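Working notes for the structure below.
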Amino acid sequence: MRRVLLACLSASCADAGPRLPFDLVDEAEARGLSHANRSGGPKKATILEANGAGVALLDLERDGDLDVVLAQGLSSLTELCAGGGTDIDVFLNDGAARFTRTPGPGLSGWWTGLATGDVDGDGDADLVAGGFGRLVVLVQQDGGELAPAAELVSAPSSPAPPWITSLALFDADRDGHLDLYAGLYLDLDPCAPPLGALGDGALAVPCEWKGLAVYCGPRGLSPQADRMWRGRGDGSFEELDPARLGAAPAGYTLAVAPFDADGDGDTDLAVAADSSPNLLLIGDGAGAFRELAYAAGVALGADGRPQAGMGIAVGDVDRDGRFDLAITNFSDEPTELHLGADVGFTQATYRYGLSRETQRLLSWSAHLADFDGDGWLELFTANGHVYPQADEPNTGTSYGQPDTLWHLGPEPRARPAGGARAGSLLAAPLGSRGSALGDLDGDGAPDLVVTRIDGPTALGLARGGAARRLAVRCLGPRADPPGARSADPTGAPRTPADGMGTRLVLVVAATGGEFALLDEVQTARGYQSASTPWSHFGLGERGTPLRLFVCWPSTREETLEGLRAGERIWIREGEGIVRREELR
Amino acid sequence: MSARWPAALAIASLASPVPASPSAGQARDARIAAWTEALELDLAAQVLREGPVLVAPGGALARDGEALALVARALYRAGRETEADELLASAAPLPEAGAAGRAAVELARAWIALERDDLGGVRALLAGPDGAPRFPKAPEAWLYLARSFARAGEAARAAPLLERFLELAPHHGEAPAAWYLLARAALEQGDLEAARARRERAEAAGRWQAYYRTRRLQIRRDPDAPLPRLGLAQLWMEAEEPARAAEVLAELARRAPGFAPGWTLLGEARRALDDPHGAREAYTRALELDPEERLARHNRAVLDLAAGREADAERDLAWLVEHAPERDPRAVNALLLLARLADRRGEGERAEGLHADYRARGGTEPLRP
């Protein structure tokens, strides 16, 4: 099967057609997604106030559309220190991207990262909410409500609470149950945070950036080690021995992206760490990992420097059948592009001209997706500086920054996209942090929800162009009885109920020949955020989907035909296409 | 060219790089050093407070290619790319700017080309006909050329350039990155042992650089505080650069003459520089300030022994035995040195007794080496 896929991909040089005008237009307010982030004070006196919150897209109520859950912070550390807390915010979608706020699950905390997946195997999406000293599993009820089912971390008042950043729900041991990886940031006492300097006396180190006084950290504060829990398949989890994470050094983790890095069928993890080398955790399929970022060439930037990794995007940029990585970084550091190679990754940042385009930006969330539907991926980055002081003269950057979108193909050179339409998400110089990708209005094109620090959440709807599209939702085999999935007694790999980890290759007929598109079902996409479980394929203006190769985590391989452009399909392992609908 | 710097004026102003007087030259060198350090510490704004005026026509450094290059780099880092380009364009064609000045300007242009992903531009600016740098004495010429290959995925071509860069500037701020790139090159060649060793060098260099940066920031914040300068000198000693340490300590002695640990470390630096007379002076100064400076006392005794001043040495060693904590390594070694001194004098019983005390305190060396 793998040989078939690669042969198919090696011939995939055809272009899908002319480039289409495209933009992401922010319609949040008009469509009822009225939400404003709180993240401490405007001066950002502490690092906790600067990092913002994530967003999750998941289908609540099983009505087939994606609803929105937003993490939320507090107005000050004083409030947190006094025992205050806030809930996460939930907005229901009517299927046409019109939103209504609905009561949240009643949590209390300073929330940061969100993860989605079917943790109890009942066929609907559940949520894990991480925060400053909190980590809660929320299981979706029959009516679509999210109800707390397990509290994995509860230490909001300790001197250095576990500070959860990005989360990932994925199946590390191929037992069909989703496991949980939690990225952690650093030790910070919310009641006595360092201010002005670290250390005492003559050897105190001033907290400065470019000579300007700023909040302290991450350098100089103790990093926290990432943690992992094994899912039991019923919504409960047990924490795993840290040794299973390959003795990876504690960094300042900000982003986590599961994907099959080595093409062996199980799920690996890319971890972006602030001010320290990135990690690449290669899974053995049994829930243990080896850290191989240096060997794979993704630990550092192309210049050999550790960078401040903030976000990770995964996708097949050059359509060679291997996953590539884009890793966002601090200002004065480029967003790095690492292309999958026969062994590890090769550096492509400078070949694509991304250094010049990105080095003055501080970028967080990132997505590699075919927004305009031309058959080639674009790179979206959510941008905004951590320091309000960036607006001082001669910093070379600014506090508010517009989000950016680059075409990365067919020419291997980054070219800016969008930003010209009124209300474009890509025009306003704000402070973005988290973002989640998914089709919110049912037209098959991936849209974005973007959180802004201290500001209104944006809803970037894909607008423009005439591309044909296909959306695919993968589902694991039917459980019998529903909700009672157990590990295979023989130890054979199983596909999770929500298809997490399934790899897809879509072969498309287009003018000039065929090309193939690669995707993998993973929701842990975007800084502190969770994106759609759907796979969105752009076919260009004249492309026709020919065949869909499906590699299920169970190792079953299937080839589906009879596909049509302009529809979305549900496929279930062993059953083929079980439902299809026209796109709007 | 900006309106503030008409091209003809700017070019004319670069005609003579020679400063008017030695004192002006010293001031210029100090300013260049300060700007260089500011850029190393990512403090471009500090260069821009005075730099653009000084390198503008009529300014004190208007004819100075090195100053121009530093200001151009600061402008670029500050996001003022056009001004940086114009400044360098005005400087580029001037043979009179002096070799160092011309090299600095070309290196600044190459650095900007790197920032702009213009890898071919870097090679066009820096590579001679044989591919080697046009400015072989400038470490950054080797580094930038190496980067142009490393960024293009040609680690093997970058490796020899990086090795030369590290030979020329082992403590450069980019040394850790150079070691990492060399590790990557070794990895690509399948030499796992070399890759591991180079990565360890990179990590060690990175730690050193982190401290080096911190100490310099502390010194800038409070120039008269002795501890940061002492820490900086210790870093140079760790790096086996006693001359750099001595330089730092001389400034520390000027600013804080009553700070005994500074004199002790200056003695160490001078000793490493094979200056026993200067070292003894420094140790003596430390002991005048603080008789408890045990390292100074011990090492002054060692120097005195080597110089045949046995009575002086004996006094210091006896003081250590009497006053230092029993297990203090300098006190323990003082016993050994006293024992050997007694042995040389033929005082066998005393020598044996002292050596027995030495062994009782954990010493393992024989009486007669």
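The values are calculated or read from the model by the stated rules, or taken from the named source; none is laboratory data. Computed from a predicted structure; not experimentally measured. For neighbour counting, all protein chains shown are included, and Cβ atoms are generated from backbone atoms with ideal geometry for every residue, glycine included.
Among the residues of segment A:92-140, those that are free of Cβ contacts under 8 Å to residues at least 60 places away in the same chain and within 14 Å of A:R62 (Cα to Cα) comprise A:L92, A:D94. Among the strands (runs of 3 or more DSSP E) confined to segment A:188-260, the ones with at least 1 residues that are away from chain B (no Cβ under 14 Å), in contact with a helix residue (DSSP H, G or I) (Cβ under 9 Å, 6 or more places away or on another chain) and of a type in the set (A, V, I, L, M, F, W, C) are located at A:227-231. Go through the residues of segment A:294-309 one by one and say whether even a single one is part of a strand (DSSP E or B) and either at pLDDT 95 or above or among the aliphatic types (A, V, I, L, M) (or both). Checked segment A:294-309: no residue is part of a strand (DSSP E or B) and either at pLDDT 95 or above or among the aliphatic types (A, V, I, L, M) (or both).
Only one of these is in a loop (DSSP other than H, G, I, E, B) and either touching an Asp or Glu at 6+ places or on another chain (Cβ under 8 Å) or modelled with pLDDT of 95 or more (or both): A:R564, A:R580, A:R542, A:R547. Name it.
Numbers: A:R580 fails: in a loop (DSSP other than H, G, I, E, B); A:R542 fails: either touching an Asp or Glu at 6+ places or on another chain (Cβ under 8 Å) or modelled with pLDDT of 95 or more (or both); A:R547 fails: in a loop (DSSP other than H, G, I, E, B).
The conditions single out A:R564.
The listed residues are B:G128, B:G206, and the only one of them that is without any contact (Cβ under 8 Å) to a residue 24 or more places away in the chain and either of a type in the set (G, A, S) or not assigned by TED's automatic domain parsing to the domain that holds B:R109 (or both) turns out to be B:G128. Taking the criterion of being surrounded by 24 or more Cβ atoms within 10 Å (Cβ to Cβ) and touching a residue at least 60 places away in the same chain (Cβ under 8 Å), the residues of segment A:317-326 that qualify are A:V317, A:F323, A:L325.
Can you go through B:E96, B:E115, B:E83 and tell me which one is at pLDDT below 95 and within 14 Å of chain A (Cβ to nearest Cβ)?
Values: B:E96 fails: within 14 Å of chain A (Cβ to nearest Cβ); B:E83 fails: at pLDDT below 95.
On inspection, the qualifying residue turns out to be B:E115.
Of the residues making up segment B:38-60, those that are out of contact with any Gly (no Cβ under 7 Å at 6 or more places or on another chain), away from every other protein chain (no Cβ under 12 Å) and either surrounded by fewer than 20 Cβ atoms within 10 Å (Cβ to Cβ) or in a loop (DSSP other than H, G, I, E, B) (or both) number 7.
Being small (G, A, S) and part of a strand (DSSP E or B) narrows it down to one of A:G113, A:G143, A:G83, so name that one. Before the answer, list the steps.
Details: A:G143 fails: part of a strand (DSSP E or B); A:G83 fails: part of a strand (DSSP E or B).
Just one listed residue meets the conditions, A:G113.
Considering only residues in segment A:399-434 that are among the basic types (K, R) and outside any strand (DSSP E or B), the one that is surrounded by the most Cβ atoms within 10 Å (Cβ to Cβ) turns out to be A:R421. When segment B:216-229 is limited to residues that are touching a Lys or Arg at 6+ places or on another chain (Cβ under 9 Å) and more than 9 Å from chain A (Cβ to nearest Cβ), the one that is farthest from B:P170 (Cα to Cα) turns out to be B:D224. Within segment B:250-290, the set of residues being over 22 Å from B:E240 (Cα atoms), free of Cβ contacts under 8 Å to residues at least 24 places away in the same chain and not in a helix (DSSP H, G or I) comprises just one member, B:P257. With respect to being within 21 Å of B:A250 (Cα to Cα), surrounded by 14 or more Cβ atoms within 10 Å (Cβ to Cβ) and not β-branched (V, I, T), B:A282 fits the description. Among the residues of segment A:368-382, is any in contact with a strand residue (DSSP E or B) (Cβ under 9 Å, 6 or more places away or on another chain), more than 14 Å from chain B (Cβ to nearest Cβ) and over 17 Å from A:R415 (Cβ atoms)? So far as segment A:368-382 goes, yes, one or more of its residues are in contact with a strand residue (DSSP E or B) (Cβ under 9 Å, 6 or more places away or on another chain), more than 14 Å from chain B (Cβ to nearest Cβ) and over 17 Å from A:R415 (Cβ atoms).
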